[in-house]
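First the structure, in the form of structure tokens, and then the observations on it.
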Amino acid sequence: MFSSLAPLARANPFHAPHLQLVQDGVRRRPEQSETTSTPRRLAAASPAEEYSCEYGSLKFYALCGFGGVLSCGLTHTGVVPLDLVKCRIQVDPQKYKNIFNGFSVTIKEDGVRGLAKGWAPTFFGYSMQGLCKFGFYEVFKILYGNLLGEENAYLWRTSLYLAASASAEFFADIALAPMEAAKVRIQTQPGYANTLRQAAPKMYAEEGLWAFYKGVAPLWMRQIPYTMMKFACFERTVEALYKYVVPKPRSECSKAEQLVVTFIAGYIGVWKGLFARIIMIGTLTALQWFIYDSVKVYFKLPRPPPPEMPESLKKKLGLTE
């Protein structure tokens, strides 16, 4: 089932619209287009009893946001010790010379519990970021797709993913910034504060509300480009996996098979742009997509199949009889 993953990972999923149209026309005979696309479109509009809510409804967005809370909050909290050591190496490289030395010094000075410093702002901050990142992504993807229209949304779907994810991350970083600021103070300034309850009042008393948001601009510069590539690569990789690797439509795959595809797509998507950090970031991102999609499966949310060329566009291009 997944024997062609290596060639797929090396392939570029970002095709220009014209090139994509040519490829779709060559790889599918006209008589095949009708038979393969219709069932998969019906899968997105299955009877209401199959799903717990309507696609694009407030309940749908709310549960997507909840999936984002779990996917980002849990995964980032799980790597707090590594993040703590990384931050200390960046702030004081003379004392914390490398990862292993950083762990050793931290445990020697603060004990094993010291590795958990900053877990509370990390959990709350990244939970809020996940809520906005994944929840607003679904909102903006549907909003921008409706503005473009069915045909343009298909032709420019990569740009659609990039725009939707950038818009979502803009608000996600505003939600993350206060907790990220507190986390950095706790982890990198010895003696400043040991908990969020100590750090937050102290920061406000010293610098006011600005103390929590003065790092939002660097967050935007770091997170928005990363999130754009993360979401666009994931969406196009899922599309490519179902098109070239998985031997059957997603509607015919079991839930377990679909989640495996989600995890692999999350890993490959980050692999393409961040090879040097594949172990940490790749695994973190893949787990986030896996948890997020698991929430969708658990709550029976509508999960439309990968996009296919609209019938109206096929007729314009002469791909149907």
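The values are calculated or read from the model by the stated rules, or taken from the named source; none is laboratory data. All of these numbers come straight from a predicted model, not from anything done at the bench. Counting neighbours? That spans all protein chains shown, and the Cβs are built from the backbone with ideal geometry, glycine included. With ligands, DNA and RNA removed, areas are computed over all heavy atoms of the protein, side chains included. Shrake-Rupley method; radii C 1.70, N 1.55, O 1.52, S 1.80 Å.
Among the listed pairs LYS133/LYS243; LYS59/LYS133; LYS243/LYS316; LYS230/LYS255; LYS59/LYS141; LYS86/LYS296, those with a Cα-Cα distance over 25 Å are LYS133/LYS243; LYS86/LYS296. Here ILE174 and GLN94 are evaluated by their C-beta separation; at R0 = 41 Å the FRET efficiency comes out at 0.75.
Counting only protein heavy atoms and using a 1.4 Å probe, the accessible area of LEU74 comes to about 90 Å².
Whenever you get a sec, line up MET309, MET128 from highest to lowest accessible area (probe 1.4 Å, protein heavy atoms). If you can, show how the numbers build up before the last one.
Working: MET309 5, MET128 90 Å².
From most accessible down to least: MET128, MET309.
Using the heavy atoms of the protein chains and a 1.4 angstrom probe, tell me the accessible area per residue for the stretch 218-301 in square angstrom.
45
For the stretch 53-213, the per residue solvent-accessible surface stands at 48 Å², with DNA, RNA and ligands left out and a 1.4 Å probe.
Exposure check, 1.4 Å probe, all protein chains in place: SER312 carries approximately 50 Å² of accessible surface.
Using the Cα gyration tensor of the stretch 83-234, with a ≥ b ≥ c the square roots of its eigenvalues, what is the shape: rounded (a/c below 1.5), prolate (a/b larger than b/c) or oblate (neither)? Prolate, because a/c is 1.5 or more and a/b exceeds b/c.
For the stretch 119-213, run through the trypsin sites (Lys or Arg not before Pro) and keep only the ones in DSSP coil with at most 14 other Cβ atoms within 10 Å of their Cβ.
On the way: sites: LYS133, LYS141, ARG157, LYS183, ARG185, ARG197, LYS202; in loops: none.
Here no trypsin sites (Lys or Arg not before Pro) fit, given the DSSP loop and packing criteria.
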